[in-house]
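Here is the structure we will look at, set down as structure tokens.
The values are calculated or read from the model by the stated rules, or taken from the named source; none is laboratory data. Quick caveat, the model's predicted, so the values are computed rather than measured. Every residue, glycine among them, receives a Cβ derived from its backbone with ideal geometry; neighbour counts consider all protein chains shown. For the accessible areas, the whole protein counts, side chains as well, though only heavy atoms, and no ligand, DNA or RNA atoms are used. Shrake-Rupley method; radii C 1.70, N 1.55, O 1.52, S 1.80 Å.
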Amino acid sequence: MLSPPAPPSDAPPPGTVERWAWDYVLSTDLAHKLAPPPVPSVWEADAAPPPPRRLERPGRPAALRVSERASKSPGPEALRNPARRAQLFHAFLHHELQAAELMAWAVLAFPETPRAFRGGLVRIALDEVRHMRLYEGYLAAIGHRVGDFPVRDWFWSRVPAAASPAQFVAVMGMGLEGGNLDHTARFAERFRAIGDLDGAALTARICAEEIPHVRFGLRWFRRFTHGREGAAHGREGADRGAPGPGDFDAWVRHIPPPLSPLLMRGDPMNRRDRARAGLDERFLDALAAWTERAPGS
């Protein structure tokens, strides 16, 4: 079990949204991760802008064994083995946990962003928590539970490198959640092919519910890099030479290394749902054609 990554004296005041986010990230109680308490209606930031709080790592329940090595994703035929499917859905659940925690992390890390943005992060976090419970239900139906397989905190080792709200939504909303549209659509087809209709329906549902998350990330990326909020919060879009909304090169520039578009693109790409999220054809063509570039190229 990991110890809390920051001293309690840095905690936001009790009864605030910020404290809710803080407690969710740092909790080592699995029940809290799966069903956090209701979100308060009071924002600490409404009284006075609090300092940015960039938590270094999450609390981890003892039931979750964190591994440094990734488990190999099962191929189409291996998915006929119920244990391999359980392992995959367990990984899906942990992805949702990290996403929920990182949305709460961003509430704390970027307190001077508009309340509409921070409120959207909280709503998405709650969506991810609900997705976790759906995956937990599927695991229970096939005889498994949370903690039966090791997990990897891959998102946590990468996403907190985002130094600005524009970088955060570039990585999480447009990047990792955009990639999840590809992965969930692909696995829904694979589950249908082996007759796991429940798994297919669940994965397709998650895919559909992630579309608004990608749309949220894109909308705020455009505002942070090209709109008024860009000048007031992060300044990425304050200069006249700032790229236009949805520009692929602008997105790439806001992805902190070692992350790259290759890690945010599935095979095949789910162009239909990415387009529903607001990504235009030029963006999708550029993403599909992306190859790693040498430094300075």
*So which pairs qualify, if the first residue must be in the range 160-181 and farther than 18 Å from Phe92 by Cβ, the second must be open to solvent by 10 Å² or more (accessible area, probe 1.4 Å) and in a helix (DSSP H, G or I), the Cβ gap must be under 7 Å, and the two must be at least 6 apart or on different chains?*
Gly173/Phe216
_If I ask for residues that are in contact with a helix residue (DSSP H, G or I) (Cβ under 9 Å, 6 or more places away or on another chain), open to solvent by less than 70 Å² (accessible area, probe 1.4 Å) and closer than 15 Å to Pro150 by Cα, which ones from the range 75-89 would you list?_
Arg85, Ala86, Leu88, Phe89
_Hey, Ala188 open to solvent by less than 10 Å² (accessible area, probe 1.4 Å), of a type in the set (A, V, I, L, M, F, W, C) and under 30 Å from Glu18 (Cβ atoms) or not_ = no
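Does the range 224-231 contain at least one residue that is modelled with pLDDT of 95 or more and either open to solvent by less than 20 Å² (accessible area, probe 1.4 Å) or within 19 Å of Gln167 (Cα to Cα) (or both)? Walk me through it before giving the result.
From the range 224-231, those modelled with pLDDT of 95 or more are 224; that's our starting set.
Going one step further and asking which of them are either open to solvent by less than 20 Å² (accessible area, probe 1.4 Å) or within 19 Å of Gln167 (Cα to Cα) (or both), we end up with 224.
Yes, the range 224-231 contains a residue that is modelled with pLDDT of 95 or more and either open to solvent by less than 20 Å² (accessible area, probe 1.4 Å) or within 19 Å of Gln167 (Cα to Cα) (or both).
Residue-by-condition table, conditions (1) among the aliphatic types (A, V, I, L, M); (2) in a loop (DSSP other than H, G, I, E, B); (3) open to solvent by 60 Å² or more (accessible area, probe 1.4 Å):
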site	(1), (2), (3)
Arg19	no, no, yes
Trp22	no, no, no
His32	no, no, no
Pro40	no, yes, no
Ala45	yes, no, no
Arg53	no, yes, no
Arg57	no, yes, yes
Ala63	yes, yes, no
_From the options Val17, Val42, residue that is touching a Gly at 6+ places or on another chain (Cβ under 9 Å) and either within 16 Å of Phe110 (Cβ to Cβ) or at pLDDT below 95 (or both)_ = Val17
*For Thr28, work out the one condition from (1) in contact with a helix residue (DSSP H, G or I) (Cβ under 9 Å, 6 or more places away or on another chain); (2) open to solvent by 40 Å² or more (accessible area, probe 1.4 Å) it doesn't fulfil.*
(1)
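Conditions (1) basic (Lys, Arg); (2) modelled with pLDDT of 95 or more, marked per residue:
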{"position": "Ala242", "(1), (2)": "no, no"}
{"position": "Ser260", "(1), (2)": "no, no"}
{"position": "Met269", "(1), (2)": "no, yes"}
{"position": "Arg274", "(1), (2)": "yes, yes"}
